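These notes are about the structure you will find just below.
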Amino acid sequence: MRRPTALVAVAAVLALLLGGCSGGGDGARDGRITLRFQSLAWQDESVRATRELVGEWNAAHPGIRVEYVQGSWDSVHDQLLTSFEGGEAPDLIHDAADDLADFAYGGHLADLRPLLPGRLTRDIPRRSWDTATFGDGVYGVPFLQEPRVLIADRKVLAASGVRVPTAERPWSWPEFRRISGELTAFMRQGKEGRGTDGKRYAVAWPLKDPVSATLNLGLSTGGRLFHRGADGKVTIRFTEDDAVVPDTIRRQVTVDRSASGATLGMGGSDTLPGLFGGRYAMVPLGFSYRRQIIQQAPEGFEWTVLPAPAGDGGTAPGAAASVQGVSPQTLSIAQDSPHKKEAARFLDFLLRPANMVRLAKGDWMLPTGTAALADPSLHTAEHGWATGAALAGGLSPAPAQSVRGYPEWKDKVATPALQEYYSGAIDRKELRARLVEDGNRVLARYQR
């Protein structure tokens, strides 16, 4: 009789302890709900803005407390996978649209359609919602986005006399290649007052991760690479439209010598010292890199934000030259959260227009919301905000947004193939074979 009694006593103690430690979506003993919000904000301004908004919510909603949890972009996919499998996922999840497919199809994320208020769904354009739509459901709120732009040395551009592009009249890809050659020749003549050592280039392409840049910029020329059939299955085709961007980059590096081959294995931050030092006139980067430039540029360095090159839209029906692929940052609700309605209320608060502007400025990105994007502070010439805002209308879902198996294809097939192609190690025929034949074998495993 003593052992069962002891077990009952232990069980009672454990129940009290567990009840007192409840959190992460559970109701506390006083009836207060606690929601865990895993944020991937990393820039100081972004972290501060997010924490301030969480604090404002908690002050106004004592019965629904949001607990801020700091996550990391470097490990978010594996971390979420582990937490989903272990039943320990946060209630509110910050991620990127191109990371959601497997989680959405795997049943780990809640369909937000019945949860979100009409105000929020109407404020964000359909093209942005499409980035987080998988099958018949919407599994994330796309709230921040960034176009790819050219960060350029203003003095070199002015001294060279080349036509400076605008959002209304960007360089075409052939014009970009031609002007890159002219700029390189100008820089090597030393006319900008920095001398010449034969190692100056118009462009530095930081392509350590070449896939997203290649696919997203390729939309302007009609490239899509991934094609969904009537049966819903996706296959890869590499067309002439898909080849425009990779061919331009390869020729700049291997034929024209107007782009540095040394930067192909670099990340964006790695190229900034060369830009500041006059080795490169332009670097294609995400819009948010402006913050690093402000922090790191030496005194006297003058820089400007230019639109990325555009195409003629290619041969695809309805293609447009101004289109650029994008994978917005997203906010999702875990399917296992017991407080989905309360989580949706917090998302509605966090993404009110004024708050979305705060988050966008903290991350140096653009909001997806129409009302937030109209804020005058995002249309000033200072730091290139107006250029970025002018490009927002052409931002569309990245080509591989809803493709299952994309992460494996990207890591195992596309990244090494594109790196070798850009360096000149393989030709276009070999590139096509690897992207298409090897790629379709990967996707087939996910579509059985």
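A few points about this structure:
- The single condition from (1) assigned to a loop (DSSP other than H, G, I, E, B); (2) under 24 Å from THR271 (Cβ atoms); (3) open to solvent by 10 Å² or more (accessible area, probe 1.4 Å); (4) not aliphatic (A, V, I, L, M) that PRO165 fails is (3).
- Filtering ALA243, ALA159, ALA204, ALA230 for residues that are open to solvent by 50 Å² or more (accessible area, probe 1.4 Å) and at pLDDT 95 or above leaves a single hit, ALA159.
- Any chance GLU88 is within 30 Å of THR271 (Cβ to Cβ) and among the acidic types (Asp, Glu): no
- Among the numbered conditions (1) under 30 Å from ILE333 (Cα atoms); (2) among the small types (Gly, Ala, Ser); (3) surrounded by fewer than 22 Cβ atoms within 10 Å (Cβ to Cβ), the only one that GLY181 does not meet is (1).
- Any hit, the range 355-365, residues being under 30 Å from GLU437 (Cβ atoms), touching an Asp or Glu at 6+ places or on another chain (Cβ under 8 Å) and among the basic types (Lys, Arg): no
- Residue match in the range 213-220 (condition: in a loop (DSSP other than H, G, I, E, B), open to solvent by 10 Å² or more (accessible area, probe 1.4 Å) and β-branched (Val, Ile, Thr)): no
- Among the residues making up the range 153-189, those that are closer than 19 Å to GLY218 by Cα and either of a type in the set (Lys, Arg) or in contact with a His (Cβ under 7 Å, 6 or more places away or on another chain) (or both) are ARG169, ARG177, ARG178.
The values are calculated or read from the model by the stated rules, or taken from the named source; none is laboratory data. All values derive from a computational prediction rather than experimental measurement. Glycine also receives a Cβ, built like all others from the backbone with ideal geometry; neighbour counts cover every protein chain displayed. All accessible areas refer to the heavy atoms of the entire protein, side chains included, with ligands and DNA or RNA removed. Shrake-Rupley method; radii C 1.70, N 1.55, O 1.52, S 1.80 Å.
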